[in-house]
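I have placed the structure first, in the form of structure tokens, so that the comments after it can refer back to it.
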Amino acid sequence: MKGRGTTLFVKNRFEQRELETFDDGWDMQEDDRSLQTRFYDDQTKTLLSKNDSPDLGFTYSLNPYRGCEHGCVYCYARPSHEYLGMNAAADFESKIMVKRDAPRLLAEMFQKKSWEPEVIVVSGNTDCYQPAERKFQITRQCLEVFLRYKNPLGMITKNFLVTRDVDILSELAKDDLVHVTVSITTLDKELTRTMEPRTSISERRLDAIEILAKNGIRVGVNVAPIIPGLNDSEIPSVLKAASERGAVSAGMTVVRLPWAVEPIFLDWLKRERPLQESRVIAYIKDVRGGKMYQSKFGERMRGNGPIADSIRKMFKIYVAKYGLNKPLNHLRTDLFRREESQFSLFA
């Protein structure tokens, strides 16, 4: 399908029914192979997700959208769509839940006396700057709330659209209230086009790093996910390019393929990178104890074994070489303030 990460309609693991496509003999026109994105209102009453995983360095995350048009074939968030009665494949990237009430709910949360100011990560699951944000601007409205209450936040994205909000981000940065992490998986444009079909190309992500840095916003690069045998050799070049554009820190994660993500990724690998297929599979199993996925805390983000050790050593060497070892997480919480009256929240 045009502009999509996967052609599969994988079964929802919570559903009993299963749909399969088949060739009925009718010729399909090329235009029929496009899949239109549909948007649905998310009526959630609880905006922040609380995390208790020791692998992550934050407690609360905020995701303005459920599902993601970026269509990255390796996305670990895909199975979350199954809780909505949808599938983790085509549905995840074409049926997007929009949290229109997110700015209001965030303000109400900050207004509560029970809220103790701390860093909230925006995009802990799906990208807050995916294409839908151009239309709905939920992320921008949430940033305005963060600025008004002076609550710190971290952002993760792989979309150049983040630069649209540099005006608000720079104001937050003046008080050490924000840092931004830009994920770069590869510098190979063709690999990006097929593996991350609706994201910004790597050059635009590097442009975003430069623009953010020049506006006084602390920015880091996330080399993620590292797929052994596919993009691990690019670690030095990605780190070098990000450093030259103004990034001051770097992180990495090894590819995770939980539940339905594994068949989606393997189908893509066979279709788009057949010559590398067997090597990539063997390397992934090497870092996952002989399996395609390992969910154990402490290992699921970094892997284990000789290949994983080699990746971490190379990453550490080049992080030091390019000066990407400055921490981003020292954000202020002492400036937080509540408004006197809730009646003036959206006046």
(request) Specify the residue that is farthest from ARG312 (Cα to Cα); the eligible residues are those in the stretch 201-259 that are buried (at least 20 other Cβ atoms within 10 Å of the Cβ), touching a Pro at 6+ places or on another chain (Cβ under 8 Å) and hydrophobic (A, V, I, L, M, F, W, C). (result) VAL255
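Among the candidates PRO79, PRO54, which residue alone is touching a residue at least 24 places away in the same chain (Cβ under 8 Å) and over 27 Å from LYS11 (Cβ atoms)?
On the way: PRO79 fails: over 27 Å from LYS11 (Cβ atoms).
Exactly one of PRO79, PRO54 is touching a residue at least 24 places away in the same chain (Cβ under 8 Å) and over 27 Å from LYS11 (Cβ atoms), namely PRO54.
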(request) Could you run through the stretch 2-54 and say how many residues are at pLDDT below 75 and on the phi < 0 side of the Ramachandran plot? (result) 24
(request) Determine, yes or no, whether VAL178 is among the aliphatic types (A, V, I, L, M), within 25 Å of SER94 (Cα to Cα) and surrounded by 18 or more Cβ atoms within 10 Å (Cβ to Cβ). (result) no
(request) Could you list, in sequence order, all residues of the stretch 136-172 that are among the basic types (Lys, Arg) and touching a residue at least 40 places away in the same chain (Cβ under 8 Å)? (result) ARG148, LYS150, LYS158
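Which one of these is within 26 Å of ARG218 (Cβ to Cβ) and of a type in the set (Asp, Glu): GLU234, GLU299? Write out each step before concluding.
On the way: GLU299 fails: within 26 Å of ARG218 (Cβ to Cβ).
Answer to the check: GLU234.
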(request) Within the stretch 205-218, track down each residue that is out of contact with any strand residue (DSSP E or B) (no Cβ under 8 Å at 6 or more places or on another chain) and either farther than 17 Å from ARG245 by Cβ or part of a loop (DSSP other than H, G, I, E, B) (or both). (result) ASN215, GLY216
(message) Condition first: part of a helix (DSSP H, G or I) and within 13 Å of the chain's Cα centre (by Cα). Now tell me which residues in the stretch 189-204 satisfy that.
(response) none
(message) Conditions first: (1) among the basic types (Lys, Arg); (2) surrounded by fewer than 23 Cβ atoms within 10 Å (Cβ to Cβ); (3) touching a helix residue (DSSP H, G or I) at 6+ places or on another chain (Cβ under 8 Å). LYS112 passes all but one, so which condition is the exception?
(response) (3)
(request) Check ARG279 against each of (1) under 30 Å from ALA247 (Cα atoms); (2) in contact with a Gly (Cβ under 6 Å, 6 or more places away or on another chain) and name the one condition it does not meet. (result) (1)
(message) Can you pull out every residue in the stretch 115-141 that is on the phi > 0 side of the Ramachandran plot and either surrounded by fewer than 20 Cβ atoms within 10 Å (Cβ to Cβ) or touching a His at 6+ places or on another chain (Cβ under 6 Å) (or both)?
(response) GLN137
(message) Restricting to the stretch 303-330, count the residues that are buried (at least 17 other Cβ atoms within 10 Å of the Cβ) and touching a strand residue (DSSP E or B) at 6+ places or on another chain (Cβ under 7 Å).
(response) 7
(request) Output the qualifying pairs, or none if there are none: Cβ atoms under 6 angstrom, residues six or more apart or on different chains, first residue in the stretch 315-331 and closer than 22 Å to PRO152 by Cα, second residue outside any helix (DSSP H, G or I) and of a type in the set (Val, Ile, Thr). (result) LYS326/VAL248; LEU331/VAL119
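The values are calculated or read from the model by the stated rules, or taken from the named source; none is laboratory data. What you see is a predicted model, and the numbers here were worked out from it, not measured in a lab. Quick reminder, even Gly has a Cβ in these numbers, built from the backbone with ideal geometry, and neighbours come from all protein chains shown.
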